[in-house]
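Here the structure is laid out as structure tokens; the discussion comes afterwards.
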Amino acid sequence: MLLLLLLIPLASAALALAIAADTPRRLILTLAAAAHLALTVAAFAAPPAAALGGLLDLDPLGHLFLAATSLLFLAASVYAVGYLRAEGKGQRRDFQEGAAFSNAPERIFTACLLVFLAAMTLVACTRNLGALWVGVEGTTLASAPLIYFHRHRRSLEATWKYLLICSVGIALALLGNILLSVAFYDPAAASTSMNLTDLAARAHVAQAPWLKAAFICILVGYGVKMGLAPMHNWLPDAHSQSPSLVSALLSGALLNCAFLGILRAHQICVLTGLEAFSQELLTIFGLISMATAAAFIVGQGDYKRLLAYSSVEHMGLLALSVGVGGGAVFGGMLHLLGHSLTKGMLFLVSGNILALYRTRSCHDTRGMARAMPITAALWTAGFLAIAGSPPFGLFVSEFSVLSAMIRQGHTAIACATLTSLAVIFVGMSVPVLRMVQGPRPPAVTGEAREDFFAVAPPLALCALVLMLGLYLPESLIVILTRAAGVVVKGL
Amino acid sequence: MNVAALFEPLMIALILTNLALLVTSRTGVLIRLIAAQGAILAFAPLFPSSNLPVHLALLCLAVFAIKAVAFPYLLSRTLRRIDADPLIEPYLGANLSAAAGIGGLLFSLWLEHRLPVPPGLFAPLLFPAALTTIFTGLILVVTRKNALTQVIGYLAAENGIFLFGAPLSRQGSVWLELSILLDVFVGVFVMGIAIHHINKTFESIDVDRFCTLRD
């Protein structure tokens, strides 16, 4: 079954490349996404057996990440049907610089989307750190062409930065993996496995200095990809230049995958009694990320960059929740799910805004409430959700992280977190609400795209985030608790 | 034959290619140097013992094919196609770059004595050579304006990391090493395509022209 999860997107990618007609190809994309989600959900009922000699092995932590990825991918692929139809073919004018450009061929875009899903599936479905690295590097390579869908100068600049910064970052994570093998080196052993279970069995022989060096390399390496400040430079560029459905996937799914890499290294630190060390580092990076995001969100004039910096903030909060540990981890896992859904929804909505207003400026976009009422409502709801207001899921998760911090005596960290959250709330509310209100600019003519494909995916995601805030089903609490248990206990 | 005796000259040669990478100003020479590094690295998994299991022989061949043949071919093909200026202007001059490289080498030598290296794991000079190669790669990525040179820097850093992992490849699984190589190969391939587009769009592969996206 795990093999099937990996093969469905790969086979669909090959099929998408082979098919020349657009409509069947778009159907394949959504069908593959739906099948992937169905299998992921079915795996909750009957935990799948390990495959490929233990290489593919789904634990509760990976399963949570897989579910978030799969859910978001389905929403993005439904959105993609309408988006690709509206984009069409041929040359068009760049609204910012006026130069002519064309889009990448749709079949390559679709195939890359599906390979991207396969790479993320591999990351979530393995407990082998080597295979995880291969998956994370695979996500970089599959997503670079996605960012360069609109073939103009700015997206090329963003793609190059993304490709180079993330490749070098991930190379550091590979160094971390090697240092980890050095830490667990046993001259008598015939073979060493990078599987978490095998490493756990030899936790007592691990050498602390090498382990610490390994954790630093892995944290910095995957931290680049996760967008932890100060290694986040590629993130606002890539998120603002890629098509909105790709931004949604980058922010809601890809960053999580990199976080999973860091969590696996943290698990090893827990198993070897070094959790104080890894938690301290995660806390420091978490606080820096939240403060950096707050500084760049205030006065931000580009709404897609605004959302990108908000991702830096939430990744910081996730790192912080694991850094504090204990009860905060449960809140962190809920936050991870809530953030994926909310940010995915917001980026999809931003695509609708961009399609009508043809600008990413928060100042030139006015009067959304009249021009595109459903999108405006979703945009406002999404802002309230991402800022952590009740009744949305992120309120519950942020509240439980903060209360765990205070219960465990980390009052200073809680105060710093609250300050950042408050600054970000104000900093985001000004541009977001200004965009919704006011008169529609006379230059903006044309019809808003509010058809099924443009509205239903973000609406569904919004409903889910609302549900996370109002009612957490018992089964979901079990899933989250077990995922948090893996992080806290190490296995 | 004592294989360890052969290993030290190889490592010294590797360190010298690093210094040459840092001082050279012609892209063509850089590509040849990175090919030489790849050829040296293909021998790395053979040490410290001379017996050669099949999977290791396979790995050595794959490393040679990819690092010493495929990468240089891809890079020089890109260089020929884009018709770029063969001279590169660095942010950091040759002398300072070389000084930084030598600083990296001294630091690696010092660090080797500070870390509790498991006995028998690293052959003599392997640790400082690997670390210096990583430093060289990072220096090239950060201080060169030319997109192609940045890719060469990335490859050098990856070479250093590979050398670090080479003594462990006897115990590791060969499919993992091969998939890592494949990932890096596809990475360089994608970067080559990106450079081609950069050259077409910006009429140069100078990353100095990337100045639109910032806060």
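The values are calculated or read from the model by the stated rules, or taken from the named source; none is laboratory data. All values derive from a computational prediction rather than experimental measurement. Virtual Cβ from ideal backbone geometry, glycine too; neighbours counted across all protein chains shown. SASA here: full protein model, heavy atoms, side chains in, ligands and nucleic acids out. Shrake-Rupley method; radii C 1.70, N 1.55, O 1.52, S 1.80 Å.
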*Taking B:L163, is it at pLDDT 85 or above, open to solvent by less than 10 Å² (accessible area, probe 1.4 Å) and not small (G, A, S)?*
yes
*What is the one condition in (1) within 12 Å of chain B (Cβ to nearest Cβ); (2) closer than 26 Å to A:L56 by Cα that A:C257 does not satisfy?*
(1)
*Enumeration of residues in the range A:43-57 that are touching a residue at least 12 places away in the same chain (Cβ under 8 Å) and part of a helix (DSSP H, G or I)*: A:A43, A:F44
*Only residues that are open to solvent by less than 10 Å² (accessible area, probe 1.4 Å) and within 11 Å of chain B (Cβ to nearest Cβ): list them for the range A:203-234, please.*
A:W210, A:G221, A:W234
*From the residues in the range B:108-144 that are touching a residue at least 40 places away in the same chain (Cβ under 8 Å) and small (G, A, S), which one is surrounded by the fewest Cβ atoms within 10 Å (Cβ to Cβ)?*
B:G120
*So is A:A200 surrounded by fewer than 19 Cβ atoms within 10 Å (Cβ to Cβ), in contact (Cβ under 8 Å) with a residue 40 or more places away in the chain and not basic (K, R) or not?*
yes
*Check whether at least one residue in the range A:15-37 is out of contact with any Leu (no Cβ under 9 Å at 6 or more places or on another chain), under 24 Å from A:T126 (Cα atoms) and in contact (Cβ under 8 Å) with a residue 60 or more places away in the chain, and report yes or no.*
no
*One residue from B:I82, B:I102, B:I152 being open to solvent by 20 Å² or more (accessible area, probe 1.4 Å) and either among the aliphatic types (A, V, I, L, M) or more than 10 Å from chain A (Cβ to nearest Cβ) (or both)*: B:I102
_Looking at the range A:178-189 only, could you name the residues that are open to solvent by 50 Å² or more (accessible area, probe 1.4 Å) and either touching a Lys or Arg at 6+ places or on another chain (Cβ under 9 Å) or more than 8 Å from chain B (Cβ to nearest Cβ) (or both)?_
A:D186, A:A188
*What tally of residues in the range A:441-491 results from selecting those that are without any contact (Cβ under 8 Å) to a residue 24 or more places away in the chain, over 27 Å from A:L29 (Cβ atoms) and under 23 Å from the mean Cα position of the chain (by Cα)?*
3
*Would you call A:Q267 modelled with pLDDT under 95 and either open to solvent by less than 10 Å² (accessible area, probe 1.4 Å) or within 14 Å of another protein chain (Cβ to nearest Cβ) (or both)?*
no
*touching a strand residue (DSSP E or B) at 6+ places or on another chain (Cβ under 6 Å), crowded, with 23+ Cβ neighbours inside 10 Å and facing another protein chain (nearest Cβ under 10 Å) - does that describe any residue in the range A:110-125?*
no
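Residue-wise test of (1) open to solvent by 50 Å² or more (accessible area, probe 1.4 Å); (2) touching a Lys or Arg at 6+ places or on another chain (Cβ under 9 Å); (3) part of a helix (DSSP H, G or I); (4) under 14 Å from A:L317 (Cα atoms).
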site: A:F399; (1), (2), (3), (4): yes, no, yes, yes
site: A:I413; (1), (2), (3), (4): no, no, yes, yes
site: A:F425; (1), (2), (3), (4): yes, no, yes, no
site: A:V432; (1), (2), (3), (4): no, no, yes, no
*Go through (1) within 19 Å of B:I34 (Cβ to Cβ); (2) touching a Phe, Trp or Tyr at 6+ places or on another chain (Cβ under 8 Å); (3) open to solvent by 20 Å² or more (accessible area, probe 1.4 Å) one by one and return the number of the condition B:A147 breaks.*
(3)
_Close pairs (7 angstrom Cβ cut-off, 6 or more residues apart or separate chains): under 16 Å from A:L464 (Cβ atoms) in the range A:389-406, open to solvent by 10 Å² or more (accessible area, probe 1.4 Å) and not in a helix (DSSP H, G or I) anywhere_ = A:L394/A:G388; A:F395/A:G388; A:F395/A:S389
